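As structure tokens, the structure follows; a few thoughts come after it.
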Amino acid sequence: MSNFYDNATGKGWLRRHEGVAAFTITKVAAILRVATLVIIFFSWLVKKLIIKTKPSLPQPPGPIGLPILGHLLFIKPDFLQYVTKQSQIHGPIIKLRLGRKVYIIISSPSIAKQILKDHDAIFANRDVPVAAIKGTFGGLDIVWRSNGPELRKLRKLVVSEIMSNKGLDACYEFRRREIRHMVKNIHGKIGSPINLSEQIFLTMFNVTVNMLLGGSLNGVESNLGLEFKDRFEEFLRLMVEPNVSDIFPVLRPFDLQGIESKAKKHISWFYEFFESVIEQRTKLEEGPKMADSKDFLQQLLELNQTGDVKTSLSMKEINAMLLDMVIGGTDTTFVTMEWAMTELLRHPNKLRKVIEELDAIIGDQNVVEESSLPRLLYLDAVVKETLRIHPPAPLLVPHMSSETTIIADYTIPKNSCIFFNVWAIQRDVEFWENPLRFEPERFLKDTEKRNYTGNSFHFFPFGSGRRICVGIPLAEKIVMQILATLLHCFDWELPDGRQPNVNEKLRFVLMKAEPLVVVPVARLSNSIQYQ
């Protein structure tokens, strides 16, 4: 009976076939594995022999680096000279690796054009160093903000409201007043050696602060100037100092070099100052201003109060913008004037041409006014030639790629940091005749091609594309007026007849290694012009 039951229910069949079933399952699994391997092999074979896909292009060449560290230990203190030398060895587009970061250095106008014009949107982001993150509320300013609608809004507001002819005209009296104060101060030191570098910086600082804040400091800005100079030079140094937190982002929380904490300390000082001025201004029914004058802070606060999302600014954005303007409006313009005066003193024949132009257009009985600047063509050429040989930001502010892209038949990986060596491009013998000679005359020809618009990739000291400097209109006016005033009012002698030093040092901007010390001599007959 039990045998019948077993057969009827199938249990006996199961027992008899358990071994067979287990063997069959193992066999099927083995067959599936073999089939999978065969499919993978034939897929590879088809891809390799039939489809013949094009291999990916290599990344740019460069010097051999170390595992993990890359080229970190090989970079010399003078980064500009180091990357220029490596480009001469390896070509106009090279790659360096510092830890996890990939750096691409461009030393060719045609390759710069591919990035800044043909693929501008892809390369319009920034690789923000830790020090800059602390200094701009996470990148809320124009310089470091990521590309996108908010950046476009901010740039549009600055260009249309602040850097427009109307906006610049509204604060002209602030600029004029500080320049006349500079003349009076220098006139009091006639015949004695003065540190002209320091004098130009303080004048530029006072001009910038008065334009921004409308004289709200009640004269104390002269006492703040040198402290500002020391603090933001240290801040700029922290931004360009190799930082393990930037090179190995995983170490950022530890701030091993203390750069983040130092940057935060300096930045807090700036923002406390700005906030105290803003608080003072908002308590007043109407900001202090001169007749027919409106300072930048007043314009920024008006934008904060519009209530329109498309045109308004937050208070954090205003603070970040003020820092941008103080640093950008002071440091880059200051070094340009310092280099221009240095080159003119080294080339008396060029200086003589500037003086002759000033005497013909301004005259002995007048002072330099902004309305006369468009007629000073040779002085304009001097400024451009200075910017060609001594670009204030010789590698520009670095761009960052938002996706992997092919440039000049090389693969540029996503998130690469891109430097443009305008210092080398603007000194390249292939594009400039006698490139190391100071020849302003070269800018009296082809003036349409050699302007500041960034359309010529042989000369773009302020950048190009959607990240071009927004402060160009203001920089042009201030640099021209201060230089014209210094050269119109005074003759300049060098102590002991020594030639000025032309050694450079890179602190984010390309500064003179030694300050320019000169002796001023009055050259105008009317003493009223020094008041």
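Coordinate-derived values only; no laboratory data. Not measured: the values here are computed from a predicted model. Positions of Cβ are backbone-derived with ideal geometry, glycine not excepted, and every protein chain shown enters the neighbour counts.
For segment 391-404, the Karplus equation 6.51 cos²θ - 1.76 cosθ + 1.60, evaluated at θ = phi - 60°, returns couplings of x, x, 10, x, 10, 6, 7, x, 8, 9, 7, 8, 7, 5 Hz by residue, with Gly and Pro reported as x. Amide H contacts of I407: I412, each under 5 Å away and 5 or more positions distant or on a separate chain (H built 1.01 Å from N in the peptide plane; Pro and chain starts excluded). Pairs from the list K113/K477; K265/K316; K85/K512; K445/K477 with a Cα-Cα gap above 24 Å: K113/K477. Exceedance of the 23 Å cut-off in Cα-Cα distance is limited, within the set K264/K505; K353/K384; K189/K505, to K264/K505; K189/K505. Computed as a quarter of the hull surface, the mean projected area of the alpha carbon convex hull for segment 141-280 stands at 11.6 nm².
Among the aspartates and glutamates, which have Cα under 13 Å from the Cα of K101 when same-chain residues fewer than 8 positions away are ignored? Within the straight-line cut-off, K101 pairs with D127, D246. Note on E356/K166: beta-carbon distance plugged into 1/(1 + (r/R0)^6) with R0 of 60 Å gives a FRET efficiency of 0.95. Assuming 0.890 mPa s and 25 °C, estimate D for segment 79-530 with Stokes-Einstein, Rh taken as the Kirkwood radius over Cα pairs, in µm²/s. Rounded, D is 107 µm²/s. Taking amide H as placed 1.01 Å from N in the peptide plane, the amide H of G70 sits under 5 Å from that of G99, each at least 5 places away or on another chain.
Peptides 491-497, 345-351, ordered by how many other C-beta atoms sit within 10 Å of their residues on average, highest first, read 345-351, 491-497.
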